[in-house]
Amino acid sequence: MSEHISYGNFASIYDMLTDDVEYSKRCDYIEKIFEKHLNKKPVLIADLGCGTGTVCSLMSKRGYDMIGIDSSDMMLSEAIKKEESGKILYLNQDMTDFEHYGTVDVFLSMLDSLNYITSLDELSKVFSLVKNYLNPGGIFVFDINTPYKYEQVLGDNTFVQDENGIFYVWQNFFDGEYCDFLIDFFVKKDDTYTRFTEEHTQRCHTFKEMLDIIEDAGLSLEGVYNDLSFSDPVQNSERIFFVVKK
């Protein structure tokens, strides 16, 4: 299974459920990565699995030319709604089979988007495409959830949340390799609730698997960092960043 995810009704409430992600802080971190790993400030950036376009929007306001790529037309519809400049190019394409005319300075893939690619063969395709469309000396910045997070945080746990007028029950089923998410949403409008269900699957990619895929694509590993830092990952890291260069 690849990242063919419709997200359906979820797209309309996604931003409300991720208001704690601290996107501005993440964009600050991305720019620090640019300073550390690039010889000059990038101009054109492509965001793989861009979702509702928050990263694209914020980076565009910081002066970068942005391309957002996502397989969900519903998520892109939300992204277009918040696009004020008209400068961001959004492409409704699967990140395992995208096409782009020309090359870019940087590829991004944020918030465990690559974990939604559950086939290693298709994950390899992503990195091959990144190499094809990346300028020499350009970088691919991405993060993934760690085995620790799947085993100790998500696991076979159930989470119940009530926020921003949305009540949801999130059940996880982890078999050691794949984590299935079953989320029942109850969205309040006036005095009634509308219910819908989302089902998704992520794969726990190991560090060795990522290194092998990076090497097979002919890319070089520049750095692996704990979330939003330049320190080495630790045993209980839940998200780690990779910086890969062409």
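Quick notes on this one:
- Overall, the accessible surface of the chain at a probe of 1.4 angstrom is composed of carbon and sulfur to the extent of 47 percent.
- Put a dot 7 Å past the Cα of D73, heading toward its Cβ, do the same for D190, and the two dots end up 3.0 nm apart.
- Euclidean distance of C-alpha centroids, region 154-169 and region 11-78, integer Å: 25 Å
- Cleavage-rule hits (chymotrypsin sites (Phe, Trp or Tyr not before Pro)) in region 151-186: DSSP loop, at most 10 neighbouring Cβ within 10 angstrom: none
- Applying 0.36 nm per residue to the separation of E151 and N9 and subtracting their alpha-carbon distance, the gain on full extension is 48.3 nm.
- Given charges at Cβ of Lys, Arg, Asp, Glu: the chain dipole, positive-most of M210, F196, F186: M210
- Using a Förster distance of 25 Å, the FRET efficiency for V160-T201 (Cβ separation, nearest 0.05): 0.75
- Linear extension gain, L211 paired with D65, 0.36 nm per residue minus alpha-carbon span: 49.6 nm
- Taking every protein chain into account, the accessible area of the chain amounts to 48 square angstrom per residue (probe 1.4 Å).
- Overall shape of region 66-136 was characterised from the C-alpha gyration tensor. The equivalent ellipsoid obtained from it has semi-axes of 21, 16, 10 Å, in decreasing order.
- Cα centre as origin, Lys/Arg/Asp/Glu Cβ charges: the chain dipole, Debye: 1000 debye
- Longest stretch of the chain clear of exposed loop sites (GluC sites (Glu not before Pro), DSSP loop, at most 14 other Cβ atoms within 10 Å, sites excluded): 100-176.
- DSSP beta bridges in the chain [antiparallel fraction, %, rounded to 5]: 70 percent
- W170-E22 FRET efficiency (beta carbon distance; Förster radius 22 Å; 0.05 resolution): 0.60
The values are calculated or read from the model by the stated rules, or taken from the named source; none is laboratory data. If you're wondering where the values come from, they're calculated on a predicted model, not measured in any experiment. Here Cβ is always computed from backbone atoms with ideal geometry, including for glycine, and neighbour counts include all displayed protein chains. We work out accessible area using only protein heavy atoms, side chains counted, and drop any ligands, DNA or RNA first. Shrake-Rupley method; radii C 1.70, N 1.55, O 1.52, S 1.80 Å.
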